[in-house]
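One structure is given below, encoded as structure tokens.
Only the coordinates and a few stated rules stand behind these numbers; no lab work does. Bear in mind the structure is a predicted one, so any value in this text is a computation, not a measurement. In this analysis, Cβ positions are derived from the backbone assuming ideal geometry, glycine residues included, and neighbour counts consider all displayed protein chains.
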Amino acid sequence: MKVLLIGSGGREHALAWKISQSPLLTKLYAAPGNAGISQHAECISIAADDIEGLLKFAAREKIDLTVVGPEVPLVAGIWDQFHEIGLKVFGPTRDTAFIEGSKAFSKDLMTKYGIPTAAYEVFTSPKEAKHYVIEADMPIVIKADGLAAGKGVVICDNAKDAVATITQIMEEKIFGEAGSKVVIEKKLEGEELSVLVLTDGKKIIPLASARDHKRAYDHDRGPNTGGMGAFSPSFKIPEQQIGDMIDTTVRPMVDGLAQDRMFYRGVLYAGLMMTKEGPFVLEYNCRFGDPETEVILPRMKSDLLPVMMQIAQGKLTTETLDWHDKSCITIVMASGGYPGSYQKGFPIHGLESVKSTEDVFVFHAGTASNEQKQIVTAGGRVLAITALGENLKAAHDRAYQAISNIHFEGGFCRRDIGHKAIEVLK
Ligand code: AMP
Ligand code: GLY
């Protein structure tokens with residue numbers, strides 16, 4: 001099978017690593033890929049959002065399956081354009097990808113299908129939005145409707161901040177057109193959990209559970225990021241209970257869409273808040289999570305490639321996936337300044353030292369090779385240092401041991417990934 005993988009982050013490196021182990025694979029291309037992905041795939045310099053370029057390439061190379069990592073090409077309709085000329089894509093159609101592409105659309109569907117989610121209002125007029133927040137009970141959460149690279153959500157504790165946030169999002173357009181519309185909702189309290197499933201629009205296969213750490217600094221301080229680390233399985237929640245959660249948060253969405261003749265095919269990711277009243281959906285994503293994928297795939301024993309192909313063909317025939325009992329953790333090393341502005345191009349030292357360490361995987365998130373063939377930093381999140389262990393503590397110690405050998409100028413990571421869970425496990 002000839003496969004084209006789209007994207008260039010840690011999630012795509014984990015996918016490339018996993019796909020490259022499939023006996024069904026004959027050739028793997030990545031567009032555009034990164035220095036780590038190039039260990040498993042031939043990287044071609046076509047941007048992830050250049051759908052026309054990707055389409056031409058896939059047609060010319062007779063690609064059997066295109067696997068899409070990031071949300072942008074999915075929301076732009078890559079599935080539909082490839083489908084028109086008979087090319088298979090693992091990922092949802094444009095219509096169903098809007099579950100991530102528009103928060104208002106997603107919230108309206110949740111209401112329609114009876115899925116628990118925070119009470120909300122949608123505004124297209126900044127004036128009306130401001131009137132609303134002046135009267136609203138605090139705290140509230142203001143969300144740009146469209147895609148904003150995971151940065152479009154602001155929690156406000158008082159009316160003054162809320163009004164200023166509306167000015168920034170809707171008038172100054174800090175997230176561009178994504179902020180023409182906003183969703184304003186009640187702030188929920190609880191622990192967060194990511195639930196990911198594979199589905200063909202009818203059948204659902206759960207992936208291993210994972211927890212993400214979204215804030216930039218230790219003890220959940222600092223700005224929100226794409227994710228600074230994750231671990232799997234998630235603590236405190238037995239697998240049976242995760243099954244129940246899927247029944248109330250994921251199943252009604254897949255079934256509701258199917259009843260509305262919109263079959264959701266691909267990975268469906270539900271970001272949940274475990275409130276006192278049970279799990280509430282914060283958001284859906286139409287793709288694998290990053291860095292959740294970096295901890296889910298090392299635990300997967302089954303071959304993922306045939307499952308993705310079945311979904312791309314519209315019929316999921318696999319019944320279940322097999323998993324390792326081990327725990328997995330990933331710790332993101334980021335560029336100084338991330339998630340704000342940061343410099344690129346710093347050489348990364350120490351990668352060789354961990355290359356052959358058992359059960360340690362260094363997934364590259366933002367790296368490139370420079371002219372001297374050195375691996376250098378090329379993004380905000382640079383590496384996802386991942387380790388498996390008999391339990392979470394063992395995985396944690398192994399990952400931080402690996403990190404102590406890796407350096408680049410300005411690089412930082414959180415020192416507390418998984419700590420709360422390890423406390424609980426004690
Ligand atoms: P989203 O992109 O909607 O998942 O939001 C990003 C992050 O903002 C979530 O992972 C939560 O940490 C936080 N968040 C979003 N909505 C809410 C809410 N209603 N209550 C509390 N936190 C929220
Ligand atoms: N880790 C959060 C996300 O992938 O959206």
- Please build a GNM for the chain, connecting alpha carbons under 10 Å apart, and tell me which residue among A30, A387, A148 fluctuates the most. A148
- Using a Gaussian network model of the chain whose springs link C-alpha atoms within less than 10 Å, name the residue from A149, A16, A118 with the highest mean-square fluctuation. A149
- Query: At 222 nm, what helix-only mean residue ellipticity would the chain give, in deg cm²/dmol to the nearest 500, using -39500 (n - 2.57) for each DSSP H run of four or more?
  - Reply: -8000 deg cm²/dmol
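Given that compact globular proteins tend to follow 2.2 N^0.38 Å, what is the ratio of the alpha-carbon Rg of the chain to that value?
With N residues counted in the chain, Rg over 2.2 N^0.38 Å equals 0.94.
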- Task: Report the label-to-label distance for S369 and E52 in nanometres (one decimal), using points 7 Å from each Cα along the Cα→Cβ vector.
- Result: 3.0 nm
- Nearest-0.05 FRET efficiency for K301 and I205 at R0 = 22 Å, using Cβ-Cβ distance, is 0.95
- Note on the structure: Counting only backbone N atoms under 17 Å from a point 7 Å out along Cα-to-Cβ of E135, the residues of the stretch 176-208 in range are 184-186
- Message: My understanding is that a pair violates if its Cα-Cα distance is over 29 Å; which of K88/K151; K181/K315; K186/K393; K18/K315; K2/K214 do that in this structure?
- Response: K88/K151; K181/K315; K186/K393; K2/K214
- Message: Cα atoms only: what Rg and Dmax, in Å, come out for the stretch 1-105?
- Response: 13.1, 42
- Query: Which whole-Hz ³J(HN,Hα) couplings does the stretch 285-302 yield from phi under the Karplus relation 6.51 cos²θ - 1.76 cosθ + 1.60, θ = phi - 60°, glycine and proline marked x?
  - Reply: 10, 9, 7, 5, x, 9, x, 4, 4, 5, 9, 7, 5, x, 8, 8, 7, 5
- Query: Expressed as a whole number of Å, what is the distance separating the alpha-carbon centroids of the stretch 261-277 and the stretch 294-352?
  - Reply: 19 Å
- Amide H contacts of V382 (H built 1.01 Å from N, under 5 Å, at least 5 apart or other chain): M333, A334, S335, G366
- Could you work out the per residue convex hull volume over the alpha carbons of the stretch 286-348, in cubic angstrom? 150 Å³
- Query: How high is the FRET efficiency from Q401 to K27, r the C-beta distance, R0 45 Å, rounded to 0.05?
  - Reply: 0.80
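Can you pull out the trypsin sites (Lys or Arg not before Pro) in the stretch 107-208 whose DSSP state is coil and whose Cβ has at most 14 other Cβ atoms within 10 Å?
Details: sites: K107, K112, K127, K130, K143, K151, K160, K173, K181, K186, K187, K202, K203; in loops: K151, K173, K181, K187, K202, K203.
Taking the stretch 107-208 and a limit of 14 other Cβ atoms within 10 Å, the loop trypsin sites (Lys or Arg not before Pro) found are K173, K187, K202.
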- Query: Straight-line reach from K344: which lysines have Cα under 18 Å away, leaving out those fewer than 8 places along the same chain?
  - Reply: K373
- Residues whose built amide H sits under 5 Å from the amide H of K181, excluding neighbours closer than 5 in sequence, are D145, G146
- Message: Looking at the chain as a GNM with Cα springs under 10 Å, which of R261, R415, R11 has the largest mean-square fluctuation?
- Response: R261
- Message: Quick check: Cα centre of the stretch 119-180 to Cα centre of the stretch 201-248, how many Å?
- Response: 26 Å
- Query: Which length gain, in nm to one decimal place, applies between D218 and E128 when the Cα-Cα distance is subtracted from 0.36 nm times their residue separation?
  - Reply: 28.7 nm
- Item | Positive-end residue, the chain charge dipole about Cα centroid, Cβ charges, pick of L272, T96, L4 | L4
- Query: Using modelled amide H (1.01 Å from N, peptide plane; none on Pro or chain starts), what sits under 5 Å from the amide H of T117, excluding residues fewer than 5 places away?
  - Reply: V281
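May I ask what percent, to the nearest 5, of DSSP beta bridges between residues of the chain are antiparallel?
Counting DSSP beta bridges with both partners in the chain, the antiparallel share is about 80 percent.
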